[in-house]
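Novice: Supplied in structure tokens, the structure appears directly below.
The values are calculated or read from the model by the stated rules, or taken from the named source; none is laboratory data. These figures come from a predicted structure and were not determined experimentally. Here the Cβ is made from the backbone with ideal geometry for all residues, glycine too, and neighbour counts use every protein chain on show.
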Amino acid sequence: MPFRFRALVVAVLLTLALPPTGARRAEISPRGCGNKCSKCEWPQWGGPHRDFTADVAGLADSWPPEGPRKLWSRSLGEGYSGVAVADGRLFTAMRRGNQEVVVALDAATGRTLWEYAYDALFSDSYSMENGPGPHATPLVVSGRVFAAGATGILHALNAETGQPLWSHDLMQEFHGTVRVNGYACSPLAWRDLVILQVGGAGHAVMAFRQADGSIVWQSGDFQNSPASPLLINVGGQPQLVAFLYEHIAGFDPASGALLWSHPHKTDFGLNVSTPVWGPDNLLFVSSGYNGGSRVVRLRRSEGKTTVEEVWSHRLMRVHFTNVVRVGDYVYGSSGDFGPAPFTALQVRTGQVAWRYRGLARASLLAVGGRFILLDEDGTLALATPAPEGLRVHSKVELLSHNSWTVPTLAGTTLYLRDRKNILALDLK
């Protein structure tokens with residue numbers, strides 16, 4: 001595989017010191033604001049709503065030239081795993097030698113509360129020269145942390161202590177589809193289940209009982225992609241959307257029954273970015289590597305879901321970053337190799353409204369009508385989308401290593417990590 005391909009594909013995976021003895025007991029320390037409200041938590045990939053939006057008020061309209069006030073920063077370890085926030089703690093994952101480490105940090109100080117380390121050796125099937133992962137963001141629910149590593153090992157841990165509860169090796173046990181740059185699916189919770197894409201005959205998607213890891217259902221014959229699933233509601237029915245190797249597909253989250261599928265072919269099956277759902281029953285998906293973008297409309301009638309393609313083209317190609325929908329537009333960085341301008345697209349027609357070239361490939365959050373953007377070079381920006389383009393209010397260079405991890409916003413505190421470091425910023 002050409003180096004150029006490997007170097008960029010690893011970024012797919014956003015879409016983050018102990019020996020292998022396991023967990024270390026937490027130390028007592030302050031818990032940030034001390035609140036447990038949803039506005040102060042970010043418990044999973046994409047935040048409370050899994051759509052990279054935050055319901056937060058009181059943020060500054062602009063930043064000084066040196067950027068927002070830094071609360072703390074520290075080295076962390078190799079990885080692109082996102083940062084989850086719950087009960088005043090941060091949860092993410094990193095790599096240390098031949099082990100992967102799930103870690104809990106104090107949100108107010110960045111101090112390590114516990115670590116859980118486990119062996120995760122790479123076989124010849126993997127290529128990790130541009131960063132070994134982990135890539136998936138932990139899920140925090142009901143006092144448990146669910147974390148999937150780059151070799152496809154899923155752990156359930158006690159969120160307070162880091163003690164292991166159960167685990168599954170998705171590749172070895174279920175012969176899941178191996179991704180050359182590592183497993184990347186961020187777990188999703190539904191009722192008492194934790195759901196992940198695995199890939200392979202009969203278990204493209206799998207659901208485990210949160211309490212004990214028992215298999216509740218497994219469904220689908222699709223190969224896996226690096227994307228993470230999404231829950232939507234179609235005509236009153238909850239549906240699980242999985243962006244797979246050559247298809248976008250919908251499953252019943254209770255039973256795993258396949259409800260619908262629609263083709264979306266991409267070179268190497270690199271469908272990475274999380275799908276975007278709208279109140280008008282329009283589902284947007286996008287990928288690089290000749291995949292392009294498309295919108296399908298889902299309708300449910302007489303107990304069945306129908307899929308209608310509204311439009312498709314290659315004018316927007318979202319590589320490994322995320323996409324946010326605001327009103328009638330979707331926004332994201334478009335491009336796989338070379339430049340990746342930040343692009344606004346009319347979701348109903350596919351028409352490109354504008355492109356902004358003042359940032360490198362960027363991830364984003366939407367909050368209060370504004371965007372918080374972090375590009376892969378470590379530049380953080382505050383901007384407002386407008387009909388004529390992106391109005392940038394503040395921009396500052398903060399990180400020095402590959403910044404392929406989507407920011408996390410809990411209350412008015414923004415958490416950023418690059419390939420080796422993590423920091424906290426006060427956005428009040």
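Novice: Every residue in the range 196-222 that is under 20 Å from LEU270 (Cα atoms), of a type in the set (A, V, I, L, M, F, W, C) and either surrounded by fewer than 23 Cβ atoms within 10 Å (Cβ to Cβ) or out of contact with any helix residue (DSSP H, G or I) (no Cβ under 8 Å at 6 or more places or on another chain) (or both), please.
Specialist: ALA201, ALA204, VAL205, PHE222
Novice: In addition: Can you spot a residue in the range 293-306 that is under 19 Å from CYS185 (Cα atoms) and modelled with pLDDT of 95 or more? Write out each step before concluding.
Specialist: Taking the range 293-306 first, the residues under 19 Å from CYS185 (Cα atoms) are none.
Checked against the condition, which is being under 19 Å from CYS185 (Cα atoms) and modelled with pLDDT of 95 or more, the range 293-306 yields no hits at all.
Novice: Name every residue in the range 154-208 that is hydroxyl-bearing (Ser, Thr, Tyr), under 25 Å from PHE320 (Cβ atoms) and in a strand (DSSP E or B), in order of residue number. So that I can check it myself, show each step before the final result.
Specialist: At the first step, the residues of the range 154-208 found to be hydroxyl-bearing (Ser, Thr, Tyr) are 161, 167, 177, 183, 186.
Right, trim to under 25 Å from PHE320 (Cβ atoms) and you get 177, 183, 186.
The answer is none; no residue qualifies.
Novice: Could you count how many residues in the range 136-153 are part of a loop (DSSP other than H, G, I, E, B) and under 19 Å from ARG179 (Cβ atoms)?
Specialist: Taking the range 136-153 first, the residues part of a loop (DSSP other than H, G, I, E, B) are 136-138, 142-143, 149-152.
Checking the rest, the ones that are also under 19 Å from ARG179 (Cβ atoms) come to 136-138, 149-152.
Total meeting the criteria: 7.
Novice: Which number in (1) of a type in the set (Ser, Thr, Tyr); (2) touching a strand residue (DSSP E or B) at 6+ places or on another chain (Cβ under 8 Å); (3) within 22 Å of TRP45 (Cβ to Cβ) marks the one condition that THR305 misses?
Specialist: (3)
Novice: If we keep just the residues of the range 326-352 that are among the aliphatic types (A, V, I, L, M) and not in a loop (DSSP other than H, G, I, E, B), which is nearest to VAL272 (Cα to Cα)? Quick ask: steps written out before the conclusion?
Specialist: First, pick out the residues of the range 326-352 that are among the aliphatic types (A, V, I, L, M): 326, 330, 340, 344-345, 347, 352.
Next, from what is left, pick out any that are not in a loop (DSSP other than H, G, I, E, B): 326, 330, 344-345, 352.
Numbers: VAL326: 21, VAL330: 16, ALA344: 19, LEU345: 19, VAL352: 21 Å.
Residue satisfying both the conditions and the ranking: VAL330.
Yes/no per residue for (1) in contact with a Lys or Arg (Cβ under 8 Å, 6 or more places away or on another chain); (2) modelled with pLDDT of 95 or more; (3) among the aliphatic types (A, V, I, L, M); (4) on the phi > 0 side of the Ramachandran plot:
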{"residue": "PRO64", "(1), (2), (3), (4)": "no, yes, no, no"}
{"residue": "LEU71", "(1), (2), (3), (4)": "no, yes, yes, no"}
{"residue": "VAL85", "(1), (2), (3), (4)": "no, yes, yes, no"}
{"residue": "GLY88", "(1), (2), (3), (4)": "yes, yes, no, yes"}
{"residue": "MET94", "(1), (2), (3), (4)": "no, yes, yes, no"}
{"residue": "ASN98", "(1), (2), (3), (4)": "no, no, no, no"}
{"residue": "VAL101", "(1), (2), (3), (4)": "yes, yes, yes, no"}
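Novice: Separate question: Out of the residues in the range 59-89 meeting the condition of being of a type in the set (A, V, I, L, M, F, W, C) and assigned to a strand (DSSP E or B), tell me which one is surrounded by the most Cβ atoms within 10 Å (Cβ to Cβ). Give the steps one after another, and end with the answer.
Specialist: Taking the range 59-89 and keeping what is of a type in the set (A, V, I, L, M, F, W, C), we get 59-60, 63, 71-72, 76, 83-86.
Okay, now just the ones that are also assigned to a strand (DSSP E or B), so 71-72, 84-86.
Numbers: LEU71: 17, TRP72: 15, ALA84: 31, VAL85: 25, ALA86: 23.
Per the criteria, the residue is ALA84.
Novice: Additional query: How many residues does the range 133-166 contain that are of a type in the set (S, T, N, Q) and surrounded by 18 or more Cβ atoms within 10 Å (Cβ to Cβ)? Outline the logic, then answer.
Specialist: Filtering the range 133-166 down to residues of a type in the set (S, T, N, Q) leaves 137, 142, 151, 158, 161, 163.
From the residues that got through so far, the ones that are surrounded by 18 or more Cβ atoms within 10 Å (Cβ to Cβ) too are 137, 151.
The qualifying residues number 2.
Novice: Taking the conditions exactly as written (among the aromatic types (Phe, Trp, Tyr) and either closer than 26 Å to LEU425 by Cα or at pLDDT below 95 (or both)), does TYR118 satisfy them or not?
Specialist: Working: among the aromatic types (Phe, Trp, Tyr): yes; either closer than 26 Å to LEU425 by Cα or at pLDDT below 95 (or both): no.
So TYR118 fails the test.
Novice: I'd like the full set of residues that are surrounded by fewer than 24 Cβ atoms within 10 Å (Cβ to Cβ) and hydrophobic (A, V, I, L, M, F, W, C), limited to the range 169-193.
Specialist: Within the range 169-193, MET171, PHE174, VAL178, VAL180, ALA189, TRP190, LEU193 meet the criteria.
To keep it simple, each residue is scored yes or no on (1) buried (at least 18 other Cβ atoms within 10 Å of the Cβ); (2) modelled with pLDDT of 95 or more.
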site: VAL318; (1), (2): yes, yes
site: VAL330; (1), (2): yes, yes
site: SER334; (1), (2): yes, yes
site: GLN346; (1), (2): no, yes
site: ALA362; (1), (2): yes, yes
site: LEU374; (1), (2): yes, yes
site: PRO387; (1), (2): no, no
site: LYS395; (1), (2): no, yes
site: LYS420; (1), (2): no, no
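Novice: Same structure again: Is one or more of the residues making up the range 401-417 touching a Ser or Thr at 6+ places or on another chain (Cβ under 7 Å), surrounded by fewer than 20 Cβ atoms within 10 Å (Cβ to Cβ) and not in a strand (DSSP E or B)?
Specialist: no
Novice: Turning to a different aspect of this structure: Of the residues LEU365, LEU315, which is over 18 Å from the mean Cα position of the chain (by Cα) and either under 20 Å from THR266 (Cα atoms) or not charged (D, E, K, R) (or both)? I'd like the intermediate steps shown before the answer.
Specialist: Working: LEU365 fails: over 18 Å from the mean Cα position of the chain (by Cα).
Matching residue, one of LEU365, LEU315: LEU315.
Novice: Which of the residues spanning the range 86-101 are in contact with a Phe, Trp or Tyr (Cβ under 9 Å, 6 or more places away or on another chain) and farther than 12 Å from GLY133 by Cα?
Specialist: Answer for the range 86-101, where residues must be in contact with a Phe, Trp or Tyr (Cβ under 9 Å, 6 or more places away or on another chain) and farther than 12 Å from GLY133 by Cα: ALA86, LEU90.
Novice: If you scan the range 237-278, which residues turn out to be part of a strand (DSSP E or B), within 24 Å of SER363 (Cα to Cα) and among the aliphatic types (A, V, I, L, M)?
Specialist: If the condition is that a residue be part of a strand (DSSP E or B), within 24 Å of SER363 (Cα to Cα) and among the aliphatic types (A, V, I, L, M), then LEU240, VAL241, ALA242, ILE248, VAL276 are the ones that fit.
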